[in-house]
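The values are calculated or read from the model by the stated rules, or taken from the named source; none is laboratory data. On a predicted model such as this, the values are computed, not experimentally measured, just so you know. Positions of Cβ are generated from backbone atoms using ideal geometry, with glycine treated the same way; all protein chains shown enter the neighbour counts. Side chains included, ligands, DNA and RNA excluded: accessible areas come from the protein's heavy atoms. Shrake-Rupley method; radii C 1.70, N 1.55, O 1.52, S 1.80 Å.
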Amino acid sequence: MAETTQRKGSPAAGPKLAILAGGGTLPARIAEAVRGQGRDVFIVAFNGHTDPQTVAGVPHLWSRFGAAGTILRCLHDEGVGEVVLAGPVRRPSFTELMPDWRTARFLARVGTRALGDDGLLRAVVREVEEDGFRVVGLHELLKDLLTVAGPVGRLMPDADAERDIARGVEVARALGALDVGQGAVIQQGIVLAVEAIEGTDAMLGRCAGLIRPGPGGVLVKVKKPKQDRRIDLPTMGITTVERAAASGLRGIAVEAGGSLLVDRAAVAEAADRLGLFVVGIEIPQ
């Protein structure tokens, strides 16, 4: 699909925000919140990743990942001051990228640093900032997104679950140090699954056939060591709770202050209804 734009101007109450939109509902939530503050918003939607409903009624550009030159020129033309990355994306292959000269030059420069998702995203942020834009974090725009310490619903982990959580933190942080993933599923001290390029949902799907007799496993999600908090923080919402329950898990632990919790009230209701604990955990840095 060719790149297309749709303009819709309004008086700006602050820097115009561009949302580089992946999948899910986060990009639309950010757009709604920022527009409610009186700020102008422009969405960059990516073919095959962004839900078309995300751009409904909002000025936007449809593009492919490899068209960095077109995207950055468009952001300058639109008068954008700040940029946020929102929503999950499937990492494209080089063939899918079809890189323009700007993207090809970027990939040649970052080289092997782009092997991991965090390294690639940090390089993308530097590229965007060097072009004159300020990159902001989702939690700076929707402050109630950041996970706080303590239970989200009524249930709490017992002593056995606490031990699985501690093991999950150890495993997930080791993975993160290698820029591999942010999550792990632990049951009775055994690592049932770890997260890599497939993402949390696919990881949980694998667990359904691996659950052992006895209390179910625990999903643990933490940010990578030294991760830039503006990009790709671990994120969970009601879908994560539902998939965890369907896979036979009994709880979810996410890093307080280092992860995003989408729609806390809905997550609490789902967790209580499905009999799972959801808890924000503090992790010494």
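Kindly indicate the residue of the range 121-136 that is open to solvent by 70 Å² or more (accessible area, probe 1.4 Å) and either in contact (Cβ under 8 Å) with a residue 12 or more places away in the chain or part of a loop (DSSP other than H, G, I, E, B) (or both) and also nearest to Arg229 (Cα to Cα) among those meeting that condition.
Filtering first and then ranking leaves Arg122.
Say we look at the range 137-149 and pick out the residues that are surrounded by fewer than 13 Cβ atoms within 10 Å (Cβ to Cβ) and in a loop (DSSP other than H, G, I, E, B); which of these is farthest from the chain's Cα centre (by Cα)?
Selected residue: Ala149.
Given (1) free of Cβ contacts under 8 Å to residues at least 12 places away in the same chain; (2) open to solvent by 70 Å² or more (accessible area, probe 1.4 Å); (3) within 22 Å of the chain's Cα centre (by Cα), identify the lone condition not met by Glu242.
Result: Glu242 fails condition (1) only.
Before we move on, is Gly248 of a type in the set (Gly, Ala, Ser), under 18 Å from Asp164 (Cβ atoms) and assigned to a loop (DSSP other than H, G, I, E, B)?
Yes; evaluated as a whole, the condition is true for this residue.
Suppose the filter is open to solvent by 10 Å² or more (accessible area, probe 1.4 Å), of a type in the set (Val, Ile, Thr) and more than 16 Å from the chain's Cα centre (by Cα); does Ile283 pass it?
Yes; evaluated as a whole, the condition is true for this residue.
Within the range 171-228, which residues are open to solvent by 40 Å² or more (accessible area, probe 1.4 Å), within 20 Å of the chain's Cα centre (by Cα) and on the phi > 0 side of the Ramachandran plot?
Lys226 - this is the single residue of the range 171-228 that is open to solvent by 40 Å² or more (accessible area, probe 1.4 Å), within 20 Å of the chain's Cα centre (by Cα) and on the phi > 0 side of the Ramachandran plot.
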